[in-house]
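Input: a single structure, listed below in structure tokens.
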Amino acid sequence: MASHVAREHGVPPRAGVGLKADHYRTILETRPDIGFFEVHAENYMGAGGPPHRYLGAIRDRYPLSLHGVGLSIGADRPLDRAHLQRLKHLIERYEPGLFSEHLAWSTHGSAFLDDLLPVPYTTESLARVCAHIDETQDALGRRMLLENPATYLAFAESTYSEIDFITEIVRRTGCRLLLDVNNVYVASTNQQWDPVPYIDNFPLAHVQEIHLAGHAHEQDEKGRPLLIDSHDQRVADIVWGLFEHAIELIGPVPTLIEWDANIPAWPGLKAEADRAEAVMLAACQKEYHRALAG
């Protein structure tokens, strides 16, 4: 297992949680032992007000990761320069250790869609995604992390596998990766493939953050399982198992518990982060005992 404990980005290889307004006061009053907080960039693009006041106070005490949902890296249109400038200003203001975005698109014409839509894995879309990542990294003056998608179907015109597509993006742009383990499980169930080889073959050396989240169970029109990346409940046991597998391969990395709807009281969210920390600690202990035995 390769250890990634030494980090240049200032976010420790610990568990963190998404920062929610429900928990602002609890965090500032109790100062819980948590590795980092992550916020959605678009929620803090206003000039001021209570969200910035609370975020500033929490950023003074904890490392921060910034997660974008509106850049539309995969869109067949130019990036929104005004959005990029707002993002740059936010990064300069809070100096997050990590910034990530999705391998997806969410714009059409002048409209912003309330979803993260999949990208066909073709030569044309590869060039477009890489150009958008290059533009983003140049504008921000830093590397970004790209997140693997939660998908519900595969495009017939795709000529790359998802892993080959992501690997080539990293090779061309020098970006780093966010491995969303729940997304892996959601996509594998919906498209009926094995999530373990996916993780085994993912470009793990470039992973600088992991996401864990809950998902909802539905059925498609043929009665087959259909999972929705809902972020509204606890992480499923099978996703915890995949996370353990990933951590044994790459070592501890900053790991976020995403919980964006039906948000629990602080102790419930903190318990999920504690479980992620326990998994990383157990992996370190296994490596230590193997080293002693070897």
Yes or no: region 177-196 includes at least one residue that is among the acidic types (Asp, Glu), modelled with pLDDT under 95, touching a helix residue (DSSP H, G or I) at 6+ places or on another chain (Cβ under 9 Å) and not in a helix (DSSP H, G or I). no
Touching a helix residue (DSSP H, G or I) at 6+ places or on another chain (Cβ under 8 Å), more than 23 Å from Pro120 (Cα to Cα) and of a type outside the set (Val, Ile, Thr), is that true of Ala150? no
Based on what the data block shows, is Ala261 in a helix (DSSP H, G or I) and either under 25 Å from Cys175 (Cβ atoms) or modelled with pLDDT of 95 or more (or both)? no
Mind counting the residues in region 46-69 that are out of contact with any helix residue (DSSP H, G or I) (no Cβ under 6 Å at 6 or more places or on another chain) and among the aromatic types (Phe, Trp, Tyr)? 1
All positions within region 226-254 that are part of a strand (DSSP E or B) and either without any contact (Cβ under 8 Å) to a residue 40 or more places away in the chain or open to solvent by 10 Å² or more (accessible area, probe 1.4 Å) (or both): Leu226, Ile228
Suppose the filter is open to solvent by 10 Å² or more (accessible area, probe 1.4 Å), out of contact with any Asp or Glu (no Cβ under 8 Å at 6 or more places or on another chain) and not in a strand (DSSP E or B); does Ala47 pass it? yes
Counting only residues in region 136-150 that are surrounded by fewer than 16 Cβ atoms within 10 Å (Cβ to Cβ) and of a type in the set (D, E, K, R), the one nearest to the chain's Cα centre (by Cα) is identified as Arg142
Have a look at Asp115, Asp134 and point out the one that is acidic (Asp, Glu) and at pLDDT 95 or above. Asp134
Spot the failing condition for Glu38; the list is (1) at pLDDT 95 or above; (2) out of contact with any His (no Cβ under 9 Å at 6 or more places or on another chain); (3) open to solvent by less than 50 Å² (accessible area, probe 1.4 Å), and only one is missed. (2)
Of the residues in region 53-67, those that are part of a loop (DSSP other than H, G, I, E, B) and either modelled with pLDDT under 95 or open to solvent by 40 Å² or more (accessible area, probe 1.4 Å) (or both) number 2
I'm checking my understanding of the structure. Among residues of region 193-219 that are without any contact (Cβ under 8 Å) to a residue 24 or more places away in the chain and either open to solvent by 70 Å² or more (accessible area, probe 1.4 Å) or farther than 22 Å from Ala273 by Cβ (or both), which one is farthest from the chain's Cα centre (by Cα)? Gln219
Index of the failed condition, Gly223 passing every other in (1) in a loop (DSSP other than H, G, I, E, B); (2) in contact (Cβ under 8 Å) with a residue 60 or more places away in the chain: (2)
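The values are calculated or read from the model by the stated rules, or taken from the named source; none is laboratory data. Since the structure is predicted, the reported quantities are computational estimates derived from the model, not experimental observations. Cβ atoms come from the backbone with ideal geometry, glycine included; neighbour counts cover every protein chain shown. Please note that ligands, DNA and RNA were not included when accessible areas were found on the heavy atoms of the full protein model with its side chains. Shrake-Rupley method; radii C 1.70, N 1.55, O 1.52, S 1.80 Å.
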